[in-house]
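Take a look at the structure below.
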Amino acid sequence: MNGVEEARVGDALPLSVDVRERPEDTVVVVSGELDFGTTPRLLAVAEPLAAAGGPLVLDLADLTFCDSSALSALVRLHKATRAAGGALVLASLRPQVRSAITMTSLDRLLTIVDQVPAGPEENHRS
């Protein structure tokens with residue numbers, strides 16, 4: 001399941017969801033605004049990946065906004081991933097997204113890293 005999905009609501013910035021399957025994990029690159037109107041698009045793509053178990057990384061470097069429905073979706077994905085025996089990791093958060101997660105104490109529940117973990121091929125580059 002590789003590809004890009006977009007959702008556009010009114011004049012809002014689109015939400016782009018790009019899935020990159022790697023041998024060691026699946027990376028979902030989320031770009032744009034994640035809010036009440038666009039959160040269902042993320043869930044449609046990411047929930048089946050979460051249910052498959054295994055490591056799931058959300059690369060949020062290009063996520064410019066998230067509201068309470070987005071935070072709820074992150075918790076939902078966390079629970080689904082754990083229930084399937086996997087792990088959810090949030091990577092490369094912008095300050096405003098990190099702030100929303102921290103203010104709601106979700107940083108105590110969710111695993112957050114500074115950057116997307118390097119794959120084996122990236123670790124062996126000269």
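What do you get when you divide the Cα radius of gyration of the range 3-117 by 2.2 N^0.38 Å, with N the number of residues?
Values: Rg = 12.8 Å, N = 115, 2.2 N^0.38 = 13.4 Å.
Ratio of Cα Rg to 2.2 N^0.38 Å: 0.96.
What is the gain in length, in nm to one decimal, between V75 and R22 on full extension, counting 0.36 nm per residue of separation less the C-alpha to C-alpha distance? Before the final figure, lay out each step's value.
Details: separation 53, 0.36 × 53 = 19.08 nm, distance 2.34 nm.
Working it through step by step, the gained length comes to 16.7 nm.
None of the figures in this text is laboratory data; all of them are computed from the coordinates on show. Owing to the predicted nature of the structure, the values given are computational and were not obtained by experimental measurement.
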